[in-house]
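First up is the structure itself, then whatever we jot down about it.
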Amino acid sequence: MPLLEIRPTTVADLPSVTEIYAHEVRAGTATFELVPPDLAEMTRRFQALTDAGFPYLVAELDGSVAGYAYASSYRPRPAYRFTVENSVYLRPAIHRRGIGRQLLERLIAECERCGFRQMIAVIGDSANTASIGVHARCGFQMIGTHSSVGLKFGRWLDTVMMQRELGEGAKTVPSTG
């Protein structure tokens with residue numbers, strides 16, 4: 001039985017994270033980036049997110065990084081400070097094995113622990129039914145679709161917006177206002 005561990009990402013994981021993301025940029029529609037960022041850029045992004053207190057996790061399967069997930073700011077203005085956007089990426093060989101769901105569930109728990117109140121999923125490509133399904137199974141509700149907002153691989157792509165409350169959601173106002 002394979003051993004799966006979900007843990008905080010370290011700098012040593014970033015070459016694998018970079019490789020996983022580069023594949024998605026080159027072959028997939030989950031991201032609308034067109035040129036894969038190099039290790040230095042991925043390291044800069046990782047450092048910026050973790051320095052800002054956002055969770056960044058890897059799924060390690062039998063000692064190798066199989067996927068990763070992180071939360072980031074949904075929007076830069078201060079009123080959005082309790083809302084995060086999630087990102088989850090997996091190696092293609094491990095899709096449909098429940099690892100993405102486990103990463104997302106752990107990310108949700110970490111974001112709740114950090115005091116965030118809402119999580120937004122911006123899913124690239126409305127044909128990405130696997131990601132839409134995983135988010136729905138993790139309690140996300142459909143909030144809308146932005147039609148034909150990205151052009152990649154010679155075709156127009158939608159983004160699907162889903163949302164989930166974290167912790168107490170909007171039931172109370174955090175003491176930091």
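The values are calculated or read from the model by the stated rules, or taken from the named source; none is laboratory data. Here the structure is a predicted model, which is why all the values come from computation and not from measurement. Here Cβ is always computed from backbone atoms with ideal geometry, including for glycine, and neighbour counts include all displayed protein chains. Accessible surface areas use protein heavy atoms only, side chains included; no ligands, DNA or RNA. Shrake-Rupley method; radii C 1.70, N 1.55, O 1.52, S 1.80 Å.
What about residue 115, is it closer than 15 Å to residue 7 by Cβ and more than 16 Å from the chain's Cα centre (by Cα)? Explain how you work it out, then say what you get.
Working: closer than 15 Å to residue 7 by Cβ: no; more than 16 Å from the chain's Cα centre (by Cα): yes.
No; evaluated as a whole, the condition is false for this residue.
Looking only at the range 72-94, filter to residues that are in contact (Cβ under 8 Å) with a residue 60 or more places away in the chain and open to solvent by 40 Å² or more (accessible area, probe 1.4 Å); which one of those is farthest from residue 123 (Cα to Cα)?
It comes out as 82.
Here is a list: 80, 68, 56, 74. Which entry is of a type in the set (Phe, Trp, Tyr) and more than 15 Å from the chain's Cα centre (by Cα)? Lay out the reasoning, then the answer.
Values: 68 fails: more than 15 Å from the chain's Cα centre (by Cα); 56 fails: more than 15 Å from the chain's Cα centre (by Cα); 74 fails: more than 15 Å from the chain's Cα centre (by Cα).
After ruling out the rest, the residue left standing is 80.
Filtering the range 18-67 down to residues that are open to solvent by 50 Å² or more (accessible area, probe 1.4 Å) and in contact with a strand residue (DSSP E or B) (Cβ under 7 Å, 6 or more places away or on another chain), which residue is nearest to residue 8 (Cα to Cα)?
32
Is there any pair linking a residue in the range 122-142 that is in contact (Cβ under 8 Å) with a residue 12 or more places away in the chain and on the phi < 0 side of the Ramachandran plot to one that is part of a helix (DSSP H, G or I) and among the hydroxyl-bearing types (Ser, Thr, Tyr), with Cβ under 8 Å and at least six apart or on different chains, and which?
The qualifying pairs are 123/131.
With the checklist (1) more than 19 Å from residue 25 (Cβ to Cβ); (2) at pLDDT below 95; (3) part of a helix (DSSP H, G or I) in hand, flag the one item residue 130 doesn't pass.
(1)
Condition check ((1) surrounded by fewer than 17 Cβ atoms within 10 Å (Cβ to Cβ); (2) of a type in the set (A, V, I, L, M, F, W, C); (3) in contact with a helix residue (DSSP H, G or I) (Cβ under 7 Å, 6 or more places away or on another chain); (4) under 20 Å from residue 24 (Cβ atoms)) across all residues:
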{"site": "113", "(1), (2), (3), (4)": "yes, no, no, no"}
{"site": "152", "(1), (2), (3), (4)": "yes, no, no, yes"}
{"site": "156", "(1), (2), (3), (4)": "yes, yes, no, yes"}
{"site": "166", "(1), (2), (3), (4)": "no, yes, yes, no"}
